[in-house]
Amino acid sequence: MTTRIDKTFARLRAANQSGFVAYIMGGDPSHAASLELMKALPDAGVDIIELGMPFTDPAADGPVIELAGLRALKSGTTVRSVLDMATDFRKDNDDTPIILMGYANPIHHMGYAEFAAAAKDSGVDGAIIVDLPPEEDGELRAAFDQHDLALIRLATPTTDDARLPTVVAGTKGFVYYVSVAGITGAAKGENAAISDAVNRIRTASGLPVVVGFGIKTPEQSAQVAAHADAVVVGSAIVEAFHKNGKDAALALVKNLSAAAQVNRP
């Protein structure tokens, strides 16, 4: 089965371009406001949307995403209301992949099978569950497989050759390379190290590799895009949206996505 994720990367390969992935927090500062931003992202140059599910203890997130999650929780956001955003988005857009990003606890509480079925019904294409290691994601992966959903894993600078096969086994869609050993919003990794890591992960997985964490400017976006199949930006977009509103966030997205669409060697 060819998924939206597969079609997106096939289109990018045909154009010899890197893609752009934008992260936003569902429900920040409200359901309506975040949905309005989400609907505008594809026209601003976004190829894949990462939709955050807020959690009370976001261990992998820096202060920008953590505060966004707290605002979303304060507005009453739940896993189901984030899925409702995807459902509403799909009324007008059936092409742009939606990847949920969050933590295992709320999904475990909902039930892995129920979550997978609800995600599929809402038009979601996959998920990144940052605190669920390969050794512990079998139940969720089996539920995702039943619904042709991609469970996307993270690789980091500390993922060595002994660990990498375990990380990529069972991964679908793409592999997300965290370019720094740290939290979201941290400094971007060195270009040479990113290039080496992307090539190593591509070889091991046979999948596209997207790179995120610490990318904040168009210049950084272009540098990473020269090596990666797609560039991910989250904290800078979330902060622009919080401080200056939708138009400012979309202006930033347009600049970042245009810079990412470089021709790869």
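The values are calculated or read from the model by the stated rules, or taken from the named source; none is laboratory data. What you see is a predicted model; the values in this text were computed from it and never measured. Don't worry about glycine lacking a Cβ; one is built from the backbone with ideal geometry, like all the others, and counts go over all protein chains shown.
The figures follow:
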quantity: Wholly within the stretch 1-110, strands (runs of 3 or more DSSP E) carrying at least 1 residues that are among the acidic types (Asp, Glu) and buried (at least 24 other Cβ atoms within 10 Å of the Cβ); calculated: 48-52
quantity: Check on VAL211, surrounded by 21 or more Cβ atoms within 10 Å (Cβ to Cβ), touching a Phe, Trp or Tyr at 6+ places or on another chain (Cβ under 7 Å), hydrophobic (A, V, I, L, M, F, W, C) and at pLDDT 95 or above; calculated: yes
quantity: Tabulated pairs, the stretch 40-68, first farther than 11 Å from ILE98 by Cα, second charged (D, E, K, R) and surrounded by fewer than 19 Cβ atoms within 10 Å (Cβ to Cβ), C-beta under 6 angstrom, 6+ apart or interchain; calculated: ALA44/LYS254; GLY45/LYS254
quantity: Odd one out for SER81, checked against (1) at pLDDT 95 or above; (2) under 20 Å from VAL175 (Cα atoms); calculated: (2)
quantity: Residue list for the stretch 1-17, restricted to those being in contact (Cβ under 8 Å) with a residue 12 or more places away in the chain and in contact with a Ser or Thr (Cβ under 9 Å, 6 or more places away or on another chain); calculated: ARG4, THR8, LEU12
quantity: Matching residues, the stretch 158-175, being in a loop (DSSP other than H, G, I, E, B) and surrounded by fewer than 17 Cβ atoms within 10 Å (Cβ to Cβ); calculated: THR158, ASP160, ASP161, ALA162, ARG163, ALA169, GLY170
quantity: Qualifying positions in the stretch 212-265 - of a type in the set (Phe, Trp, Tyr) and in contact (Cβ under 8 Å) with a residue 60 or more places away in the chain; calculated: PHE241
quantity: Test: residue in the stretch 104-115 that is of a type in the set (A, V, I, L, M) and under 17 Å from GLU36 (Cα atoms); calculated: no
